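Each reported figure results from applying straightforward, stated rules to the coordinates on display, with no laboratory input. Since the model is a prediction, treat every value here as computed from it, not as a measurement. Cβ placement follows ideal geometry from the backbone for every residue including glycine, while neighbour counts extend to all protein chains displayed.
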Ligand SMILES: Nc1ncnc2c1ncn2[C@@H]1O[C@H](COP(=O)(O)OP(=O)(O)OP(=O)(O)O)[C@@H](O)[C@H]1O
Ligand SMILES: [Mg+2]
């Protein structure tokens, strides 16, 4: 089954769900037709690996290319995948009919009752959820599947208007109405669930670690510099990336990403700015192409003489993989990655505390942001 | 025995006169120079005989006594029933060991010589395959006991019904190497018709593990499948190592020395003792494999007249010795050896590895061969799988003349050769393709010979002789090929049985579910099943054994020089019989029918006129093999089942196209897709469990599409 070209998503939820149902039905029909014609059933979907992502000029993000993989019932794995697809489709249909939704974790546990088709780990079930997105034009949310709340948060001078139970609306100011952990980003941040109001912040700083996020909040970096702080909480969830993208697109806020200085953090930046490999089919919804990497850069490690750790074997492998990753294929990244390989060292964000608790807010960030043209 | 040379002083007569003044220093030294008896020598050098540690001493004592019992029983055609007891004593470091057999017994006048005198025995001068060789074994145990605990041994023996059992306490005078016997008496309590019992108290330690008395007996039991051992350990636990066959091994025969294995000194001694008046007579009668033609050739090569052997000078004997090496001499006879046999080694291994439930056992008995003029024969076995540890080095069970070798493994020909095989080709792990392989396996190597070249008197390791290593390697490789085939078959089965799950479980579910979602009827899957499977699936045979009460069956003895099992063309023509002409052997299995069948199938190519046959208890093995065609089209092919050469074909349904010594062959008619077929056949004259791992082959079909049988390569 060829991946259907992505059509523009409808703004209407019910309509989107009907589209989702239709595409799932199409998959079942294909399997059934194969079986009744004595053809070994199979479906096709774009290969979901680093070798098959290409730059989408229009959206300026990285998306899956033309390479397809076939999931065929000829192999045991392929047959299981198809059987699970049937069960999952059936389950989704049921949820849509009853207007219910389930978390990915619940879906994994529901499969306990699917006999042969049951999943052996949540990774398996999460992956199939993504595969379904890739095979159809729909998104996870249209399938009534949602992730766990992941605790990512935002602080800054702006208001959010939430749709809560019974379609009531509630407005919160993301400094005055929230505690020091900020406003918790819900899993669904689509406009029908969440709107922005009175966005006064000038730019967004997306921060990898909870420790650094708390430091900036305590040092009142958001009020002193009139910006929004977003806690990414490691590899950012879809909703966090979507929220950043909306602030960037709808309110023209520049975005800078502030992470540790190691290859894994570079990937966090890439998923915010360019699109993640796992979700390349929806990069245009999630990625913020104008987001900039602030640091910690390998050059920062040298320039600020930060405390370091030695690179592990895995770090080195990850850096080398990035050297052949199309998303990092530019002079600046190549220079930084090679520099890091050369010095064989990495640093954490919080290593800045070497110069005192205020160094990051008084010196490092102002210097870096000025250099990037965001602070004047 | 180099160290046992006498050191005596010379009398002064022939010595040059000493110069005036001080006596030569040698005179002073001479005062300290005196005879050392053999016994005294061993008293000091006990490690030579295997008594280096208390743990080892226990095993050595048990080994020497059981070796003797087994030798004696074999010589007398008795099924051995040996009792081994180890008791605690008042002293923690002393153990009392009793070994009792049901052998022929020992006449009273020899008891002292056998148990109380070193270097006294019946095997030293005889060239034959036996456990005992040197006449040291049991008297060394008596000596060791006396030395370490001060206790005499107690020997009881009875030589037959009507003779009393004699009991005597036995010591050894080490200075004179003579027995000292006390308190000779009749033992009224003895009940067996004949047998010998020895009790010794020695300094020893009982422990478990690989080099333990228990493991020694377990291993001994594997290579002596006709013997029963009952073991009582010092904690009171009794273990019976039961026999798996009631057949006493064929008695080994004594042969004359072969010229190639004879040293110069021996030639001189033989010549001196010769009864013959001429060298030709001496050569043909005192040596094996020398005919008058060869004798003449030897003499002319040695440039010797046909003189009286007694007149042979040292120099002439040396020329004779050299001529032995130059003239082409036939190999020594090999029918004097008594290998255990593939079926019995397998059954022994199977019984003693039951606790690890191995998935596969294979055994190989090589044809006899010769090293340095001595006939020898190698047997190899591999036990694989079950709960054997997969991450550890494989274990090697080494044997020589049916005796386990527990020590000095590193330098042993068997170990060295195991390390020389590239096991990776056969499915075991091995770093770099040599050294000890790793994997869930036990290897067995048995070398039987009229003379096993041990590295020391303790008979713990086989010296690496080129000829022996070559045979061991060939045996290991052959057995390893069986293992490799088994593993390949298993891997293929595993891969295909995944597909079984696929077509039998997942696909039907997929059909049901997709049909239900669309509200349509469930589609038929049979074509898709064949498309996905695309194999002919042959199940492993299911074998059942039936004992035919009170009957025996006459079967051919295994062909002596069977070359890798490929039947010679002549033999094939004779051995083959049309299944239709075999009516009388079919249906009810009777003794006559088997015997006839056996005679009919006996090879007649140059072999002795009367085929050699052997009486065996009649066991019938019924095998059933099921096969299914899971391919898109109809399939026909030829199907082969290998049967033991020593078995007799009885019947089969459907009828095989061909019945041969080593195999049966069916023409399988075109099987339609998803069609099943079951074959059954019966053979007699096998041991129970002897055909558990039947090898099956196919021909006339693409082997890649067959699971459960290998491609037939013309009967190799
Ligand atoms: N249990 C027995 N029953 C009958 N004969 C025996 C028994 N034990 C020993 N003999 C006889 O006593 C002889 C001496 O035994 P001993 O163990 O000392 O030497 P061996 O077996 O000939 O050689 P080795 O030193 O290699 O063991 C044997 O050759 C055998 O003839
Ligand atoms: Mg002996």
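Brief remarks on what is shown
- Counting only alpha carbon atoms, the long axis of helix A:263-273 and the longest principal axis of chain A meet at about 70°.
- Pairs of alpha carbons in segment A:210-295 whose separation is greater than 18 Å (percent): 41 percent
- For the protein assembly as shown, the share of DSSP beta bridges that are antiparallel, to the nearest 5, is 80%.
- Shown for segment A:260-300 is the translational diffusion coefficient from the Stokes-Einstein equation, using the Kirkwood radius over Cα pairs, a temperature of 20 °C and a viscosity of 1.002 mPa s: 202 µm²/s.
- Look at the alpha carbon pairs under 8 Å that are at least 6 residues apart: their mean separation over the length of segment A:215-339 gives a relative contact order of 22 percent.
- Mean projected area in nm² (Cα convex hull; one quarter of hull surface) for segment B:245-384: 10.6 nm²
- Tail weight of P(r) past 14 Å, computed on alpha-carbon pairs of segment A:144-184, percent: 56 percent
- For segment B:495-550 and segment A:273-300, distance of Cα centres in Å: 49 Å
- Rg in Å to one decimal, and Dmax rounded to a whole Å, for segment B:346-392 via C-alpha atoms: 14.5, 43
- Within the protein assembly as shown, helix-based [θ] at 222 nm, where runs of 4 or more DSSP H residues each add -39,500 (n - 2.57), nearest 500: -10000 deg cm²/dmol
- Spatially, segment B:439-462 and segment A:156-199 are offset by 84 Å when compared through their Cα centroids.
- The reciprocal of the average 1/r between distinct C-alpha atoms defines the Kirkwood hydrodynamic radius, which for chain A equals 22.4 Å.
- Distribution of pairwise C-alpha distances over segment A:143-252, 10 Å bins, in %: 14, 51, 30, 5, 0
- Beta-bridge orientation, segment A:13-146: approximately 80 percent antiparallel, per DSSP, counting only bridges with both partners inside.
- Kirkwood Rh in Å, taken over all unlike Cα pairs in segment B:326-441: 15.9 Å
- Spin-label model, residue B:524 to residue A:33: label points 7 Å out along the Cα-to-beta-carbon direction sit 2.2 nm apart.
- Choice from A:349, A:314, A:18 showing the highest fluctuation, given a GNM over chain A with Cα pairs closer than 10 Å: A:314
- Antiparallel beta bridges, as assigned by DSSP with both residues in segment B:387-452, represent about 45 percent of the total such bridges.
- Partner shielding of A:29-36 amounts to 6, given as the average count of beta-carbon atoms from other chains within 10 Å of each residue beta-carbon.
- Under the simplified labelling scheme, the residue A:130-residue B:161 pair shows an inter-label distance of 8.7 nm, with each label point 7 Å from Cα along Cα→Cβ.
- For segment A:298-376, diffusion coefficient by Stokes-Einstein and Kirkwood Rh (Cα), 20 °C, 1.002 mPa s, µm²/s: 154 µm²/s
- Residue-normalised convex hull volume from the C-alpha trace of segment A:153-371: 119 Å³ per residue.
- Gyration tensor over alpha-carbon atoms, segment A:46-183, equivalent ellipsoid semi-axes in Å: 34, 23, 14
- Between segment B:181-229 and segment B:629-701, the Cα center-to-center distance that results, in Å: 47 Å
- Taking 0.36 nm per residue of separation and subtracting the Cα-Cα distance, full extension of the segment from residue A:338 to residue A:177 would add 53.5 nm.
- The eigenvalues of the Cα gyration tensor, multiplied by 5 and square-rooted, give chain B an equivalent ellipsoid with semi-axes of 56, 32, 26 Å from largest to smallest.
- Ellipsoid equivalent to segment B:380-456 - semi-axes via the Cα gyration tensor, in Å: 23, 14, 10
- Convex hull (Cα only) mean projected area of the protein assembly as shown, reported in nm² to one decimal: 69.6 nm²
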